[in-house]
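What follows is a single structure, written as structure tokens, with notes after it.
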Amino acid sequence: MADVDVRLVNVTKKFGDQTAVDGITLDVSDGEFFTLLGPSGCGKTTTLRMIGGFEQPTSGLIELKGEDVTFLPAHERDVNTVFQSYALFPHLTIFENVAFGLRRSGIKGDEVTSRVGEALELVQLIGYEKRKPAQLSGGQAQRVALARALVNRPAVLLLDEPLGALDLKLRKQMGIELKRIQREVSITFIYVTHDQEEAMTMSDRIAVMNKGHYEQLAGPETLYERPTTRFVASFVGASNLLEGKIGSDGESWTVTLPSGDVVRAPKSLGDIGTGGAIGVRPEKLTLLEPGQESKGNRLDGTVVDTSYLGVLTQYTVEGAGGLRLLVSEQNVDRTTRSDTWRPGERVALTWKPEHGFVVGDSKSA
Amino acid sequence: MLRWLGRNALRAYTGLALVYLLLPIFIVALFSFNDPVGKTNYTWVGFTLSHWANLFAIPGLLDSVVVSLRIAFISTLAATTLGTLAALALVRYQFRGRPATSLFIFLPLATPEIILGASLLTLFVAIGQPPFFPLNEFTILIAHITFNISYVIVTVRARLSGFDRRLEEASADLGADGWQTFWRVTFPLILPGIAAASLLAFSLSIDDFVITNFTAGRTTTFPMFVWGSARVGVPPQVNAIGTIFFVVAVSAVAIGSFLQRRRA
Ligand SMILES: Nc1ncnc2c1ncn2[C@@H]1O[C@H](COP(=O)(O)OP(=O)(O)OP(=O)(O)O)[C@@H](O)[C@H]1O
Ligand SMILES: [Mg+2]
């Protein structure tokens, strides 16, 4: 286990009587790409701003490299930020923007020139030194903001939705570049986004936030395969949640649906608590003819909608009692098979119990 | 056809408006080259450069110009400094009495000059009968700073409210303390606003007559000199000085906007 770089202990921030951040405790390790993921207004920016020193916690403790910095002003912290709006200084050239932090720490002359050069090379902006920020495209401005922060070789880099203003294609491209740079400089990144795809592709670990706290903290794979709350299950990827009467049968949890059907999931997948549910991802479901034999969980229904998405086809199946389930199938046989499922057809849905997941009691009700 | 008319009517109208605005100034400048007969300088007699050559031949004229310039410089400097700091405080901080302060700032702008002048006179007299608080250049200065602060605050505040605070956070993030952030980020960015404010303050101070007249005591500023001499006939030198003021002011504004355009 690498050293802990950033530690938050029970950090709470209130604005008036509104709680923006509600008792967050987490450790971020040295060199990690750590992401705060969550919907708008869940407190991501506020959390980041407290780490950066722009906001003081109402209560709780923040440590950087083992040192308590809870009330240390921003300019004394070994942390740099890439702001969502970039916040480049409009009156300074790109060179002076990038050199700003170096000059503040008393570095002079040739060292400034060479380090700014290195930083601009890293973000592939050599030759732009003399321009003003207004003469850059959004993607270039974002890279200058990154260079301006990285050139100081901070212990931790905070990034607040740095790709938010870019179009989809540039965003993907910059995402890959960010990840490359992070590997190259091996600085701890704390990254804020509301885009789950972005979070999944770049992060080592993700904290999925909701209403001021995080519901689950795990690697991308675990978050997808084993979400532990309803919120995480529906925020990260698509999910089918099966709600009903909870029971126990040997090594399995059982949920008796309103229709009377019973679905199962192994207890080893997690604790269902008293108000949890069993879930299953759309691609783990298999569609069968109503008469076909199957093992494991099985529900009957009617196809009500299909949409062709290239790589896969997505079906909406309505079961007994109005239960709607999403199913996706790879289009491997599409070119040779003519009998795809059509709206109105009766089908059976099956999946292995161990392919599902179990969500527990909702933390925020 | 209608289009042609529309475009050219606008041009003609603009031209007329400019002529209307500039004609009096042109006449003032022209008559500084006049060679009048007698004391009044209202009819064109002949061309001469002698008033420009003997600019300060009129007794008291030079003194009054010097007094006016001194008051304008000092009151501009003081009002710009105090007004900028006040604008920063009003935009940046929440404090008790902030709404009231915002209101009071508008009072000198909204009050008729004659009321402001009379009330300042009352104040100075009430503070202490001469010679404890004599009316002189110093009281004029106080009066000018008083109304100029309001103009500076309003101008600088407009510039500040469009200011992106995140730039200051970015500066702090990069290791600059409050002082460095102010001088390296905030100040350069609001400088055009401060410059505009000080130009305004300077021009308001140098041609103020009403308030100055109330608070001057026996001091004579340039506008007061002109007023005084108008009763017996304004000498052409006054026209010459007025022309100089006008040219300097227009150049200052032109240079200012040129610099600002190059910066952007
Ligand atoms: N300075 C402030 N004063 C009052 N309330 C605030 C302030 N800053 C944030 N909040 C509130 O705190 C909550 C969390 O805000 P925050 O900016 O951290 O959200 P976020 O997760 O970054 O959202 P987004 O994805 O939209 O940026 C919001 O409800 C917001 O209205
Ligand atoms: Mg935010």
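Quick notes
- Within segment A:260-272, tally of residues that are more than 21 Å from A:GLY322 (Cβ to Cβ) and surrounded by 14 or more Cβ atoms within 10 Å (Cβ to Cβ): 7
For (1) open to solvent by 10 Å² or more (accessible area, probe 1.4 Å); (2) farther than 21 Å from B:GLU169 by Cα; (3) away from chain B (no Cβ under 14 Å), each residue gets a yes or a no:
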site	(1), (2), (3)
A:LEU122	yes, yes, yes
A:LYS132	yes, no, no
A:ALA145	no, no, no
A:ASP160	yes, no, no
A:ARG171	yes, yes, yes
A:ILE187	yes, yes, yes
A:VAL192	no, no, yes
A:ASP195	yes, yes, yes
A:MET200	yes, yes, yes
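- Only one entry in A:GLY66, A:GLY41, A:GLY23 is within 16 Å of ligand 2 (Cβ to nearest atom) and away from chain B (no Cβ under 12 Å), namely A:GLY41.
- Wholly enclosed helices (runs of 4 or more DSSP H) of segment B:138-246 bearing at least 1 residues open to solvent by 50 Å² or more (accessible area, probe 1.4 Å), at pLDDT below 90 and within 14 Å of another protein chain (Cβ to nearest Cβ): B:165-173
- Of residues in segment A:44-63 being within 17 Å of A:LYS211 (Cα to Cα) and open to solvent by less than 40 Å² (accessible area, probe 1.4 Å), the one nearest to ligand 2 (Cβ to nearest atom): A:LYS44
- Residue in segment B:1-48 that is surrounded by the most Cβ atoms within 10 Å (Cβ to Cβ), counting only those that are small (Gly, Ala, Ser) and outside any loop (DSSP other than H, G, I, E, B): B:ALA29
Residues are listed down the side, and each one gets a yes or a no for (1) within 16 Å of ligand 1 (Cβ to nearest atom); (2) in contact (Cβ under 8 Å) with a residue 60 or more places away in the chain; (3) not small (Gly, Ala, Ser):
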| site | (1), (2), (3) |
| --- | --- |
| A:THR19 | yes, yes, yes |
| A:GLY52 | yes, yes, no |
| A:PRO57 | yes, no, yes |
| A:GLU67 | no, no, yes |
| A:HIS75 | no, no, yes |
| A:ALA87 | yes, no, no |
| A:ALA99 | no, no, no |
| A:VAL112 | no, no, yes |
| A:GLU118 | no, no, yes |
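- Checked against the criterion of being under 19 Å from the mean Cα position of the chain (by Cα) and closer than 24 Å to B:THR219 by Cα, segment B:41-59 has no qualifying residue.
- Of all the criteria given as (1) of a type in the set (D, E, K, R); (2) farther than 17 Å from A:TRP351 by Cα; (3) touching a residue at least 40 places away in the same chain (Cβ under 8 Å), the one not satisfied by A:GLU289 is (2).
- Some residue of segment A:152-167 being modelled with pLDDT of 90 or more, within 16 Å of ligand 2 (Cβ to nearest atom) and in a helix (DSSP H, G or I): no
- For the residues A:PHE100, A:PHE95, the requirement of being within 8 Å of chain B (Cβ to nearest Cβ) and either open to solvent by 10 Å² or more (accessible area, probe 1.4 Å) or touching a helix residue (DSSP H, G or I) at 6+ places or on another chain (Cβ under 7 Å) (or both) singles out A:PHE100.
The values are calculated or read from the model by the stated rules, or taken from the named source; none is laboratory data. Just so it is clear, the structure is predicted and the values come from calculations on it, not from any experiment. Cβ sites come from the backbone with ideal geometry, for glycine too, and all protein chains shown count toward neighbours. All accessible areas refer to the heavy atoms of the entire protein, side chains included, with ligands and DNA or RNA removed. Shrake-Rupley method; radii C 1.70, N 1.55, O 1.52, S 1.80 Å.
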